[in-house]
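Engineer: I have a structure I would like to understand better, so I am pasting it below and will then ask my questions one at a time.
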Amino acid sequence: MSRPFSPGLAARLAASCVFAGSLIASFSPAAVAQGAATPQRLEPVSVTATRSLQPTPDLLADVTVIGPDEIARSGAQSLTELLQRQPGTEIVQNGGPGSVSGVFLRGANTNQTLVLVDGIRLTSSTTGSTALEAIPLDQIDHIEVLRGPASSLYGADAIGGVIQVFTRRGTEDLSANLAAGYGTYSTRTVTGGVSGSIGPIRLSVQGGAAKSVGFNAVVNPSSIFYNPDLDGYSNANVSVNATLPWAEGQQLTAQYFHNRLNNQFDNGPGFDDRTITTVDTWLVASRNQLAPFWVSLLSAGEAVDDSVSETGFGNFPFKTTQRQYLWQNDFTLPLGLFTAGLERREERVTTGDNFAVTSRNTNSAFGIYRLQYGANSLQANIRRDDSSQYGGKTTGAVAYGYQLAPSFRMTAGVSTGFRPPTFNDLYFPDFSNPSLEPETSRNVEIGAYLYGSTTDGTWEARAIGYRNRVSQLIVLDSNFIPQNVQRALLEGVTLGFNTQFGNTTIAASLDLANPDDTVTGKLLPRRAREHGALTLLQTIGPVRLGAEVVASSYRYDDAANTKRLAGYGILNLTLEWDVARSWTLFVRGNNVFDQDYQLAADFSTGGATVFGGVRWRP
């Protein structure tokens, strides 16, 4: 039986709505009083929710775009640290910045969120997860986070949503960047790059490296994994992007990304255990305006996740290679826009174990229709995936929006998703089940968006309620054999508020959720019922001061809810100072009050840390 929202949770929701309304009123009295004024909104664009460019205010999905300025000014040292403060997002991390990390998007499992790098899947086919710790922030231009099932757009794995990372692109004008920093645990980083044009070709090259001696990851001496050594990391990375617009409406693109991460971890005393993870992606694409109403995109790419764990019990290699091909066509119709596409994905697995099957192919076809007509907005998706391993799967989504007033919009939608079993689930010797079926999900959601402007700024408030029922969940039985026996109900409300007035920027979010196992009624491991973040940025002349609060209620580390993880609230502070033309000094203090908290039982989060450095950008 699913767990209903408790009276306490309902009361917190009501109080949060009252608080949000009061906050909005306090920051926008003119907009609230006038009502009829047409708001002026900044309109970044997004591609993840529709597979084609669309201004984010027009989207019917729950999407966050994290731009390059926000990434730089956050001072974050890892992708998960940046994602931790986003709406609908919780993280788990087994130690420091280089350790194994994951994201719970709307309460879904870490392997139920699809991660793309420049449109290419970067996922291990053996574990089903993405090595987020191996995607350095220095290589990222911007990030788009799509919350809610998106299998009707991207196929397998997108039950919780999609996180798409975009690496740096070339520019027409010559530009360069350089940054170096040093901090707690002898953490040091350096990154640099150049971008510009060589004739008609726009080119970008970016490289970087980082190293840290780290801290002892497992802090519980009674744990079988305890080893009182330092668990540091090092990585080296590079990305290259080249774009050739060879004629009007015709463009060729080639891009490459590489990172090698060497991370130490605790796996018991007496050995310096470590995992060496190498990730590579490449993509070539041709975008062509074939007719005034028709744009075609042809692309081919590959992603490699190559991981080797060196332990006292031996070495354990796991390598996934995914080749991906796409033909997408965008048609502008007399009424609306229709997108149709064909995809093929070829997965190949190499391990040190004797798997019965080490490859599978998936052929897919999809269609997306978008319409904006007066105050009405509509999006409908359908997709068919046919796998050589688990057969066919059809998913769909329909979303509708209505502009009730110039500053008020409502949306509603339904969608489905699925996640196939991994190669480990199906073929790991003695601990697998080749009869497993894909996990499936059915989601309904409703959203309300209120936005406006004052004489010196803009603001936006939003509330999204969702109910995502996940079936055929794959869990291990008492003999550690995976079975389709579990069901989960992921329901909740995400509240958000953003404003920018004068030199002040504020972003706040609060998630009230019930991520429950419907068979046992227990809370899903490492997920909280309440999670929120508040970010403030104040500019004073050449100085930018930032404060960031991340808070969570209690969680449990196990499915039986016997090992409780206490709630926490941490404060992070940032400072940027433009000391001279092109030169910026920066510093970030994490967990400045040194709170002792854990994201995973027995694993340290490192306590209070400080990291500072200098950036140069002419």
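The values are calculated or read from the model by the stated rules, or taken from the named source; none is laboratory data. What you see is a predicted model; the values in this text were computed from it and never measured. Glycine also receives a Cβ, built like all others from the backbone with ideal geometry; neighbour counts cover every protein chain displayed.
Engineer: Give all pairs with beta carbons closer than 6 Å in which a residue from the stretch 386-404 that is within 30 Å of Thr56 (Cα to Cα) meets a residue that is buried (at least 16 other Cβ atoms within 10 Å of the Cβ) and aromatic (Phe, Trp, Tyr); count only pairs at least 6 apart in sequence or on separate chains.
Structural biologist: These pairs meet every condition: Lys393/Phe418.
Engineer: Which numbered condition in (1) touching a residue at least 12 places away in the same chain (Cβ under 8 Å); (2) under 18 Å from Ala217 (Cα atoms) is the only one that Asp596 fails?
Structural biologist: Result: Asp596 passes all but (1).
Engineer: Against the definition (under 30 Å from Thr539 (Cβ atoms) and of a type outside the set (Val, Ile, Thr)), how does Asp430 come out, yes or no?
Structural biologist: Considered against the rule, which asks whether it is under 30 Å from Thr539 (Cβ atoms) and of a type outside the set (Val, Ile, Thr), Asp430 comes out as no.
Engineer: Also: Is one or more of the residues making up the stretch 328-349 among the hydroxyl-bearing types (Ser, Thr, Tyr), in contact with a strand residue (DSSP E or B) (Cβ under 8 Å, 6 or more places away or on another chain), closer than 28 Å to His258 by Cα and assigned to a strand (DSSP E or B)?
Structural biologist: No: zero hits.
Engineer: Collect the residues in the stretch 573-585 that are under 25 Å from the mean Cα position of the chain (by Cα) and touching a residue at least 40 places away in the same chain (Cβ under 8 Å), keeping them in residue-number order.
Structural biologist: Listed by number, the list holds a single entry, Thr574.
Residue-wise test of (1) closer than 24 Å to Ile276 by Cα; (2) in contact with a Cys (Cβ under 8 Å, 6 or more places away or on another chain); (3) among the charged types (D, E, K, R); (4) free of Cβ contacts under 8 Å to residues at least 24 places away in the same chain.
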site: Glu302; (1), (2), (3), (4): yes, no, yes, no
site: Val308; (1), (2), (3), (4): yes, no, no, no
site: Gln328; (1), (2), (3), (4): no, no, no, no
site: Phe338; (1), (2), (3), (4): no, no, no, no
site: Gly352; (1), (2), (3), (4): yes, no, no, no
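Engineer: Among (1) surrounded by fewer than 23 Cβ atoms within 10 Å (Cβ to Cβ); (2) within 30 Å of Asp229 (Cβ to Cβ); (3) at pLDDT 95 or above, there is one condition Glu81 misses while meeting the rest; what is its number?
Structural biologist: Unmet for Glu81, out of (1) surrounded by fewer than 23 Cβ atoms within 10 Å (Cβ to Cβ); (2) within 30 Å of Asp229 (Cβ to Cβ); (3) at pLDDT 95 or above: (3).
Engineer: Residues that are of a type outside the set (Val, Ile, Thr), more than 24 Å from the chain's Cα centre (by Cα) and modelled with pLDDT under 95: does the stretch 130-152 have at least one?
Structural biologist: no
Engineer: Another question, then. Of Ser52, Ser74, which residue is at negative phi, at pLDDT 50 or above and in contact with a Gly (Cβ under 9 Å, 6 or more places away or on another chain)? I'd like the intermediate steps shown before the answer.
Structural biologist: Working: Ser52 fails: in contact with a Gly (Cβ under 9 Å, 6 or more places away or on another chain).
Answer to the check: Ser74.
Engineer: Can you report the number of residues in the stretch 128-145 which are hydroxyl-bearing (Ser, Thr, Tyr) and assigned to a helix (DSSP H, G or I)?
Structural biologist: Of the residues in the stretch 128-145, 0 are hydroxyl-bearing (Ser, Thr, Tyr) and assigned to a helix (DSSP H, G or I).
Engineer: With within 24 Å of Leu60 (Cβ to Cβ), among the polar types (S, T, N, Q) and part of a loop (DSSP other than H, G, I, E, B) as the only criterion, which of Gln86, Gln77 stands out?
Structural biologist: Gln86
Engineer: When Gly95 is evaluated against the numbered criteria (1) in contact with a Lys or Arg (Cβ under 8 Å, 6 or more places away or on another chain); (2) in a loop (DSSP other than H, G, I, E, B), which criterion, by number, is the only one it fails?
Structural biologist: Only one criterion is unmet by Gly95, namely (1).
Engineer: Looking at the stretch 412-423 only, could you name the residues that are touching a residue at least 40 places away in the same chain (Cβ under 8 Å), over 16 Å from Ser471 (Cα atoms) and in contact with an Asp or Glu (Cβ under 9 Å, 6 or more places away or on another chain)?
Structural biologist: Gly413, Phe423
Engineer: Looking only at strands (runs of 3 or more DSSP E) that lie completely in the stretch 399-476, which have at least 1 residues being out of contact with any Phe, Trp or Tyr (no Cβ under 7 Å at 6 or more places or on another chain) and at pLDDT below 95?
Structural biologist: Output list reads 439-454, 457-476.
Engineer: Okay, moving on. May I ask you to verify whether Asp69 is of a type outside the set (Val, Ile, Thr), closer than 30 Å to Asp280 by Cβ and modelled with pLDDT of 85 or more?
Structural biologist: yes
Engineer: List pairs: first in the stretch 211-224 and without any contact (Cβ under 8 Å) to a residue 60 or more places away in the chain, second of a type in the set (Gly, Ala, Ser), Cβ under 8 Å, 6+ apart or cross-chain?
Structural biologist: Lys211/Ser186; Lys211/Gly232; Lys211/Ser234; Val213/Ser186; Val213/Gly232; Ile224/Gly268
Engineer: How many residues does the stretch 540-585 contain that are on the phi > 0 side of the Ramachandran plot and either surrounded by 19 or more Cβ atoms within 10 Å (Cβ to Cβ) or in a strand (DSSP E or B) (or both)? Explain how you work it out, then say what you get.
Structural biologist: Of the stretch 540-585, the ones on the phi > 0 side of the Ramachandran plot are 541, 561, 582.
Those still in the list that are either surrounded by 19 or more Cβ atoms within 10 Å (Cβ to Cβ) or in a strand (DSSP E or B) (or both) too: none.
Adding up the residues that qualify gives 0.
Engineer: State whether the residues of the stretch 516-531 include one that is assigned to a loop (DSSP other than H, G, I, E, B), of a type in the set (D, E, K, R) and at positive phi.
Structural biologist: yes
Engineer: If I ask for residues that are more than 30 Å from Arg345 (Cβ to Cβ) and part of a loop (DSSP other than H, G, I, E, B), which ones from the stretch 153-197 would you list?
Structural biologist: Listed by number, the residues that qualify are Thr171, Glu172, Asp173, Leu174.
Engineer: Going through the stretch 50-64 one residue at a time, which ones are touching a Pro at 6+ places or on another chain (Cβ under 9 Å) and buried (at least 19 other Cβ atoms within 10 Å of the Cβ)?
Structural biologist: Asp62, Thr64
Engineer: Hey, another quick one. From the list Arg469, Arg462, pick out the single residue that is more than 30 Å from Gly541 (Cβ to Cβ), basic (Lys, Arg), crowded, with 18+ Cβ neighbours inside 10 Å and in contact with an Asp or Glu (Cβ under 9 Å, 6 or more places away or on another chain).
Structural biologist: Working: Arg469 fails: crowded, with 18+ Cβ neighbours inside 10 Å.
Going through Arg469, Arg462 in turn, just one is more than 30 Å from Gly541 (Cβ to Cβ), basic (Lys, Arg), crowded, with 18+ Cβ neighbours inside 10 Å and in contact with an Asp or Glu (Cβ under 9 Å, 6 or more places away or on another chain): Arg462.
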